[in-house]
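For reference, the structure is listed below as structure tokens.
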Amino acid sequence: MKIIYATKCFFENYINFNGRLSRAGYWWAWLGLMILSLFVCVFDAATDSSIASSIFGLLIIVPTIAAEVRRFHDVGKSAVTLAIIYLIEIALTFFITIWSVFTIFVGASAAVSDLANIMSVLTSMIPLMIGAIAILIVEVYKFIILISKSDEPNVYGDPEPFFVPEDFHI
């Protein structure tokens, strides 16, 4: 029952960037989204297309960001912190993409039999690994914030404990 209620609240608050979202409310909704994603992927596999997954992904972008903002508020972090995290991830992804294209063109033009050229290509992959590790570090930081417990009032309001109302019916 919790998972259904949390997922329903997730979609009802799809543009609500104010207030707080409890840890339980966030993670129950996340689990509900993963189950919905599984059904969408099975549908896509059965129809041999990816249209449903694409539409579902686009439909949950804004509600996911809104839920993360409210979850950040719950632990006393502002939406600016989340925006910085997203900007860092976007910049690193852009860097990795550009550097990958550069590495592919350099590697394709180099003679593979020459050890110096092979070392040059391998050395050019070091920034890719550093970028990937940086993205991982940023994601771990975001995950730590999302799993943090917060029972105290803060500038974003009083904590909102997650519970399913008794009058909620499927």
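The values are calculated or read from the model by the stated rules, or taken from the named source; none is laboratory data. If you're wondering where the values come from, they're calculated on a predicted model, not measured in any experiment. Virtual Cβ from ideal backbone geometry, glycine too; neighbours counted across all protein chains shown. Just the protein is used for accessible areas: all its heavy atoms, side chains included, with ligands, DNA and RNA removed. Shrake-Rupley method; radii C 1.70, N 1.55, O 1.52, S 1.80 Å.
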(request) Name every residue in the range 33-54 that is open to solvent by less than 40 Å² (accessible area, probe 1.4 Å) and among the aliphatic types (A, V, I, L, M), in order of residue number. (result) Leu33, Val40, Ala52
(message) If I filter the range 76-117 down to residues being touching a Leu at 6+ places or on another chain (Cβ under 9 Å) and open to solvent by less than 40 Å² (accessible area, probe 1.4 Å), which single residue comes out as modelled with the highest pLDDT?
(response) Ile96
(request) Can you tell me which residue within the range 7-32, out of those that are crowded, with 18+ Cβ neighbours inside 10 Å and aliphatic (A, V, I, L, M), is farthest from Lys77 (Cα to Cα)? (result) Ala29
(request) Take the range 149-167 and flag every residue that is on the phi > 0 side of the Ramachandran plot and open to solvent by 40 Å² or more (accessible area, probe 1.4 Å). (result) none
(request) Kindly provide the set of residues from the range 121-148 that are loosely packed, with under 14 Cβ neighbours inside 10 Å and over 25 Å from Leu87 (Cα atoms), ordered by number. (result) Leu122, Thr123
(request) Could you please tell me which pairs satisfy a Cβ distance under 9 Å, a separation of 6+ or placement on different chains, a first residue in the range 124-152 that is outside any helix (DSSP H, G or I), and a second residue that is among the hydrophobic types (A, V, I, L, M, F, W, C)? (result) Met125/Trp99; Ser148/Val75; Lys149/Val75; Ser150/Val75
